[in-house]
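> Supplied in structure tokens, the structure appears directly below.
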Amino acid sequence: MVTRLWQVLVVGGLILGTWSPARAAEDQEYYELMKLFVDSFEQIDRNYVTSVDRRELMEAAMRGMINHLDPYSSYIDEQDLKDFNTVVEQEFGGIGIQVSIDPRTRQLTVMTPLPGTPAYKAGIRPGDKVVEIDGKPTNEFPEGGEMDSAIKMMRGKPGESVKVTVLHDGESKPETVDIVRAIIKTPTVLGDRYRSDGSWEYLLDGDSKIGYIRLTHFSRNSADEIEAALAELQKHGMQALVLDLRYNPGGLLQAATAIADQFVESGVIVSTKGRNTEEQVVKARKAGTFNGFPMVVLINRFSASASEIVSACLQDHHRAVVVGERSWGKGSVQNVIELEGGKTALKLTTASYHRPSGKNIHRFPKAKDSDEWGVSPDSGFDVKWTNEDMEKYRSYRGERDVLRKTDPPKTDYKDTQLAKGLEYLQQELAKPKTAEKPATDDKKTDKPADAEKAKTDAKADKSGAAAIDWPIRNLLTFLRAAAV
């Protein structure tokens with residue numbers, strides 16, 4: 001029956017297509033391979049020692065095929081697709097807290113409530129231990145799966161409530177609060193610390209007016225968030241900027257090109273080439289560019305994909321000095337191809353991208369450190385970190401990323417990579433002023449109509465070329481936190 005079905009499909013294809021000996025041979029090979037696959041599936045389904053779940057068997061076969069290709073292509077099942085879309089859209093139904101696992105006690109702990117969210121209004125505080133969720137003790141969550149269990153229980157449809165029992169720091173009796181879920185929008189653009197009103201402080205140094213913007217990953221709204229942060233910094237007289245892309249694993253290609261375009265007036269941003277697609281060259285446009293100030297981009301060994309597109313572009317155009325460590329080395333583009341009417345999907349590598357200079361970014365499996373790949377810091381700006389340095393940074397950022405009514409606690413910690421960038425910017429600001437064009441606040445609507453259309457298309461395009469790189473997606477939770 002199955003064999004006959006494949007015969008019909010192949011013959012039908014020959015009738016409808018353009019026949020040729022080469023095409024016929026190719027279709028015959030395709031038929032033989034599909035027959036082999038179907039026959040194997042049937043044998044396992046009928047004769048394996050125990051019954052098998054056909055769905056699981058098919059998904060295992062798909063994963064096997066895709067895993068044979070490269071580390072960045074993958075099959076995304078229904079649950080993973082929901083998580084994937086949440087990362088891209090940065091929007092979900094939840095209560096609005098960031099939670100982590102305390103490494104000492106293994107307890108689910110609130111890192112911070114998000115400003116204006118239901119959890120914030122309900123009095124959830126930083127450091128609260130989450131004891132129960134809807135009556136289920138969190139210490140009964142499976143070991144290693146505490147975060148997944150918490151996310152599953154606290155996220156849900158907006159308007160529905162969830163009971164969360166917390167033990168406030170310094171108190172002995174837990175408190176149970178009934179929190180009504182709402183749409184939570186988590187930003188990808190962060191500053192140095194929260195202000196008391198829940199907004200981010202983007203100025204590092206009030207005297208020298210050095211701005212600081214952190215980008216966690218490249219999602220649908222990242223370019224607009226960057227533009228808003230820059231506009232705010234300009235109102236406060238920003239004279240220089242640090243763009244922090246450390247631990248940023250990438251994201252949407254369109255977000256990366258739109259952000260690079262905000263800092264570069266002209267020239268190539270990136271080009272992409274694929275076997276079944278025409279070469280595409282993305283160029284910068286002058287209107288809407290923020291310029292007239294020195295700039296530093298911070299990267300490290302975990303800055304990948306879209307982070308490398310932006311840092312390479314700004315480096316090649318001499319728009320910014322790159323400080324930190326050599327980046328990850330991912331120069332391939334993935335498209336998300338919907339399956340089963342959008343229930344599942346393939347994330348498939350379809351093209352490679354190239355920096356404006358034409359130099360290679362992708363780190364191939366057998367690449368050596370001496371080979372050309374990734375984005376390297378500018379000469380004299382290489383600041384390597386040990387694992388201990390990274391752990392100290394994690395603790396430091398964890399303290400500063402808490403929403404509190406007072407300033408963060410003072411510390412002797414020194415971010416050596418940031419310090420190197422600030423040293424350069426202060427030297428640049430100390431130089432005699434030239435008749436350089438001041439930073440512009442031209443609106444993006446001043447760009448040509450085709451640029452505006454490209455921006456709109458990028459937002460509407462759910463395929464999202466260069467989508468979040470799942471093999472390194474844990475970098476999104478470097479601070480061991482998840483928003484729920």
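> If Val242 satisfies every condition in (1) in contact (Cβ under 8 Å) with a residue 40 or more places away in the chain; (2) in contact with a strand residue (DSSP E or B) (Cβ under 6 Å, 6 or more places away or on another chain); (3) part of a helix (DSSP H, G or I) but one, which is the exception?
Val242 satisfies all of (1) in contact (Cβ under 8 Å) with a residue 40 or more places away in the chain; (2) in contact with a strand residue (DSSP E or B) (Cβ under 6 Å, 6 or more places away or on another chain); (3) part of a helix (DSSP H, G or I) except (3).
> Look through region 24-36, keep the residues that are surrounded by 14 or more Cβ atoms within 10 Å (Cβ to Cβ) and of a type outside the set (A, V, I, L, M), and return whichever of them is nearest to the chain's Cα centre (by Cα).
The residue in question is Tyr30.
> Are any of the residues in region 93-103 polar (S, T, N, Q) and on the phi < 0 side of the Ramachandran plot?
Taking region 93-103 as the starting set, the residues that turn out to be polar (S, T, N, Q) are 98, 100.
Subset that is on the phi < 0 side of the Ramachandran plot: 98, 100.
For region 93-103, residues polar (S, T, N, Q) and on the phi < 0 side of the Ramachandran plot: present.
> From the list Ser379, Ser370, Ser357, which residue is touching a residue at least 12 places away in the same chain (Cβ under 8 Å) and small (Gly, Ala, Ser)?
Ser357
> Looking only at region 183-218, how many residues end up being without any contact (Cβ under 8 Å) to a residue 24 or more places away in the chain and within 18 Å of Leu418 (Cβ to Cβ)?
Total meeting the criteria: 3.
> Could you please find all residues in region 245-294 being in a loop (DSSP other than H, G, I, E, B) and either among the aromatic types (Phe, Trp, Tyr) or at positive phi (or both)?
Scanning region 245-294 gives Tyr247, Gly250, Phe263, Gly267, Gly288, Phe290, Gly292, Phe293.
> Consider only pairs whose beta carbons are under 9 Å apart and that are at least six residues apart or on different chains; among these, list those whose first residue lies in region 386-402 and is free of Cβ contacts under 8 Å to residues at least 60 places away in the same chain and whose second residue is surrounded by fewer than 11 Cβ atoms within 10 Å (Cβ to Cβ).
Final answer for the pair search is Glu399/Pro409.
> A further question on this structure: Being assigned to a helix (DSSP H, G or I), at pLDDT below 85 and surrounded by 16 or more Cβ atoms within 10 Å (Cβ to Cβ): is that true of Ala465 here?
Judged against the criteria, Ala465 is not a match.
> Next question. Looking only at residues in region 236-256 that are more than 15 Å from Ile213 (Cβ to Cβ) and over 11 Å from the mean Cα position of the chain (by Cα), which one is surrounded by the most Cβ atoms within 10 Å (Cβ to Cβ)?
Among those residues, the one meeting the criterion is Gln254.
> Being part of a loop (DSSP other than H, G, I, E, B) and under 23 Å from Asp80 (Cβ atoms) is the filter here, so list the residues in region 17-58 that pass it. Before the answer, list the steps.
Let us first name the residues in region 17-58 that are part of a loop (DSSP other than H, G, I, E, B), namely 17-20, 48-53.
Result: Val52, Asp53.
> If the requirement is being assigned by TED's automatic domain parsing to the domain that holds Ser271, within 23 Å of Pro113 (Cα to Cα) and modelled with pLDDT under 90, which of these qualifies: Arg404, Arg397, Arg480?
Values: Arg397 fails: modelled with pLDDT under 90; Arg480 fails: assigned by TED's automatic domain parsing to the domain that holds Ser271.
Answer to the check: Arg404.
> Quick one: which residue in Gly170, Gly156 is small (Gly, Ala, Ser) and under 30 Å from Leu339 (Cβ atoms)?
Residue meeting the stated conditions: Gly156.
> Further question: Can you name every residue in region 89-99 that is surrounded by 19 or more Cβ atoms within 10 Å (Cβ to Cβ) and modelled with pLDDT of 85 or more?
Phe92, Gly94, Ile95, Gly96, Ile97, Gln98, Val99
> For region 59-163, please list each of the helices (runs of 4 or more DSSP H) lying entirely inside it that holds at least 1 residues being under 21 Å from the mean Cα position of the chain (by Cα) and among the basic types (Lys, Arg). It would help to see each step written out before you state the result.
Working: elements: 78-89, 118-121, 146-154.
So the answer is 78-89, 146-154.
> Can you tell me which residues in region 404-418 are in contact with a helix residue (DSSP H, G or I) (Cβ under 8 Å, 6 or more places away or on another chain) and either buried (at least 19 other Cβ atoms within 10 Å of the Cβ) or farther than 19 Å from Val110 by Cα (or both)?
Matches in region 404-418: Thr411, Tyr413, Asp415, Thr416.
> Restricting region 210-225 to residues that are assigned to a helix (DSSP H, G or I) and out of contact with any Leu (no Cβ under 7 Å at 6 or more places or on another chain), which is surrounded by the fewest Cβ atoms within 10 Å (Cβ to Cβ)?
So, considering only residues that are assigned to a helix (DSSP H, G or I) and out of contact with any Leu (no Cβ under 7 Å at 6 or more places or on another chain), the one surrounded by the fewest Cβ atoms within 10 Å (Cβ to Cβ) is Asp224.
The values are calculated or read from the model by the stated rules, or taken from the named source; none is laboratory data. This structure is a prediction, so every number in the text was calculated from the model and none was measured. For neighbour counting, all protein chains shown are included, and Cβ atoms are generated from backbone atoms with ideal geometry for every residue, glycine included.
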